[in-house]
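What follows is a short report on a single structure.
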Amino acid sequence: MAFIERKNSPGVRSRRSFLGTSFAASLGGALLRRNVSEGMEIEELPPGVVPSNPRELLYPTPEPNSKIFSKESGSFAASYPLLQNVSETSASISWALNTPSTGWVEWGRTPALGKIARHSEFGLNPYEENFLSAQIFGLEANTEYFYRTATCSFSYQTAYQKTISEPQYSEIFSFKTMGANRDHGSFAVMNDTHNQKEIVRAHCKRHNELNPDVVVWNGDLCHRYFFPLIAKTAIANPCDEPFAARRPLLFVPGNHDKRGPYAHVLKECLTPWRQPDPNFRTLGYNAAFRNGPIAMITLDTGETGPDSEEESGIYDFEPYRALQTAWLEKTLSRPDIASAPYIVVFCHVPIFNTNGKKDTPPTPPLKWSAYSNLCAPFWGPVFEKHRITLLVAAHIHRFTYFEATPERPWPQITGGGPLPANAAGIHAEADNERLTVTAERLEDGSVLGSWNYKPRV
Ligand SMILES: [Fe+2]
Ligand SMILES: [Fe+2]
């Protein structure tokens, strides 16, 4: 398997290497050898490092098997565009690269396009090795727009000699902005795909049938992030089809999306949400918008354990969660959100403990917990105060549904997992009469459950 090298943080890498090697010597070696002998690809860990947790061997890295975007094809791009964060007034677009490139997005109200968006910073146009992106602002709600990406390979020979190619363009795609003044809204959810392209493909096939307004990818997209290749293959191009070029993608981070050197710059691929309020500028994955009668809100639960449990000191989730709590309170009070017939909140780690009193604190080295006891005391009361309709979570790798109770007046649903036996999708449709949410087994399409909710206002 060929990997693209990246300059990693030596401190983080060496610590993980040490933990992984020492633990594997006692526990993981036999499992590793067995999987290698069965022809299973091991993940893209640094040389000599064995996964510290045998469970991780369940989630091998997919091969970069794109036919359309192979390097041999001559394509500078390594994926179709990923349309993300479509709000009432803005959108962002990213795409993977085969070669160091510069580029831009051409867009407009008609296929004639006419406008350009480019991620220029401090006087320099973009030059990237892995992903290019651009944000479009000033859009009108409930309006169709057209766009295409332009990619030029670019190389520096010396400070004075540079080579730029002619642009390669994507085909022209269209999308519709969000907005409150619509009688109908819909969404679909996939989660915990853990770089299993077959599972992502099955979700995308179902999404093509359902054609929801937006697809929420509710965390643990990959198992860990040691090289940008994982994002290029498992996130940007899992299907060799434009699965997120017309239908907006909304990324909700999972605990696994925080692991590995490349997790620190995942924003290259999955572009952050733009916060208009300067108090919340540092929040990148907290979205809030109206999709017709549905107000859609996303939260980032982060890792499942307290920051102090991570001995390397690399985690700083506690102030991040506190800032999100302030953002959530303020956002749910926004007139356009407070007046929504339905409020659906998405986060990766469940807020309600589905294991009842059986849940135990995370135990090293697994550091896994079935719910976020770090977020629950803060976010649960805010959900109750603002009467959210539903919390959509993930993380436990199985479908569950818990009705609202007098003590917890918001229901919680969790999606499925990364293996065919437990993979499940969630989809929802709403008009001004009801919101209908349905969960399905991915393998055979059987309905796991369907629920109707009345408007909250
Ligand atoms: Fe997961
Ligand atoms: Fe998770």
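The values are calculated or read from the model by the stated rules, or taken from the named source; none is laboratory data. This one's a predicted model, so the numbers in the text were calculated from it and none came from an experiment. Positions of Cβ are backbone-derived with ideal geometry, glycine not excepted, and every protein chain shown enters the neighbour counts.
Figures for the structure shown
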item	result
Residue that is in contact with a Gly (Cβ under 9 Å, 6 or more places away or on another chain) and charged (D, E, K, R), where the choices are Arg182, Arg148	Arg182
Inter-residue pairs, beta-carbon under 6 Å, first touching a residue at least 40 places away in the same chain (Cβ under 8 Å) and in segment 442-457, second among the aromatic types (Phe, Trp, Tyr) and in a loop (DSSP other than H, G, I, E, B), 6+ apart	Leu448/Phe399
Which listed residue is within 16 Å of ligand 2 (Cβ to nearest atom) and over 24 Å from Glu384 (Cα atoms), from Leu249, Leu266	Leu266
Residue check, Ala231 more than 16 Å from ligand 2 (Cβ to nearest atom), hydrophobic (A, V, I, L, M, F, W, C) and touching a Cys at 6+ places or on another chain (Cβ under 6 Å)	yes
Filtered residues of segment 269-293 (kept if aromatic (Phe, Trp, Tyr) and away from ligand 2 (no atom under 16 Å from the Cβ))	Trp273, Phe280, Phe289
Tally of residues being among the basic types (Lys, Arg), closer than 19 Å to Leu132 by Cβ and in a loop (DSSP other than H, G, I, E, B) across segment 247-282	1
Only one of Gln157, Gln135 that is surrounded by fewer than 16 Cβ atoms within 10 Å (Cβ to Cβ) and polar (S, T, N, Q)	Gln157
Unmet requirement for Val447, which otherwise passes all of (1) over 20 Å from Val344 (Cα atoms); (2) within 14 Å of ligand 1 (Cβ to nearest atom); (3) in contact with a Ser or Thr (Cβ under 8 Å, 6 or more places away or on another chain)	(2)
Members of segment 239-266 that are touching a Lys or Arg at 6+ places or on another chain (Cβ under 8 Å) and within 16 Å of ligand 1 (Cβ to nearest atom)	His256, Arg259, Gly260, Ala263
Residue identified as in contact with a helix residue (DSSP H, G or I) (Cβ under 6 Å, 6 or more places away or on another chain) and either closer than 24 Å to Glu384 by Cβ or surrounded by 19 or more Cβ atoms within 10 Å (Cβ to Cβ) (or both) among Arg334, Arg290, Arg321	Arg290
Hits in segment 325-358 (condition: at pLDDT below 95, over 20 Å from Asn218 (Cα atoms) and away from ligand 1 (no atom under 16 Å from the Cβ))	Gly356, Lys357, Lys358
Residue ID - surrounded by the fewest Cβ atoms within 10 Å (Cβ to Cβ), chosen from residues in segment 164-179 that are closer than 22 Å to Arg290 by Cα and in contact with a Gly (Cβ under 9 Å, 6 or more places away or on another chain)	Gly179
Residue, modelled with the lowest pLDDT, within segment 192-216, restricted to residues that are touching a Ser or Thr at 6+ places or on another chain (Cβ under 8 Å) and within 12 Å of ligand 1 (Cβ to nearest atom)	Asn195
Every residue from segment 323-340 that is in contact with a Leu (Cβ under 7 Å, 6 or more places away or on another chain) and among the small types (Gly, Ala, Ser)	Ala338
Members of segment 234-246 that are in contact with a Ser or Thr (Cβ under 6 Å, 6 or more places away or on another chain) and within 16 Å of ligand 2 (Cβ to nearest atom)	none
Residues that are among the hydroxyl-bearing types (Ser, Thr, Tyr) and touching a strand residue (DSSP E or B) at 6+ places or on another chain (Cβ under 7 Å), drawn from segment 307-338	Thr331
Some residue of segment 205-227 being within 16 Å of ligand 2 (Cβ to nearest atom), over 21 Å from Ser73 (Cα atoms), in a helix (DSSP H, G or I) and acidic (Asp, Glu)	no
Among (1) of a type in the set (Val, Ile, Thr); (2) away from ligand 1 (no atom under 15 Å from the Cβ); (3) closer than 30 Å to Ser312 by Cα - the single one Thr177 does not satisfy	(3)
Odd one out for Gly284, checked against (1) buried (at least 21 other Cβ atoms within 10 Å of the Cβ); (2) in contact with a helix residue (DSSP H, G or I) (Cβ under 8 Å, 6 or more places away or on another chain)	(1)
Strands (runs of 3 or more DSSP E) contained entirely in segment 378-457, each with at least 2 residues that are charged (D, E, K, R) and crowded, with 17+ Cβ neighbours inside 10 Å	435-441
Tabulated pairs, segment 134-151, first small (Gly, Ala, Ser), second not in a strand (DSSP E or B), C-beta under 6 angstrom, 6+ apart or interchain	Ala134/Arg118; Ala134/His119; Ala141/Glu88; Ala141/Thr177; Ala150/Pro167
Subset tally (residues that are touching a Gly at 6+ places or on another chain (Cβ under 9 Å) and outside any loop (DSSP other than H, G, I, E, B)) for segment 303-317	2
Members of segment 185-198 that are in a strand (DSSP E or B) and either within 18 Å of Pro253 (Cβ to Cβ) or in contact with a Gly (Cβ under 7 Å, 6 or more places away or on another chain) (or both)	Gly185, Phe187, Ala188, Val189, Met190
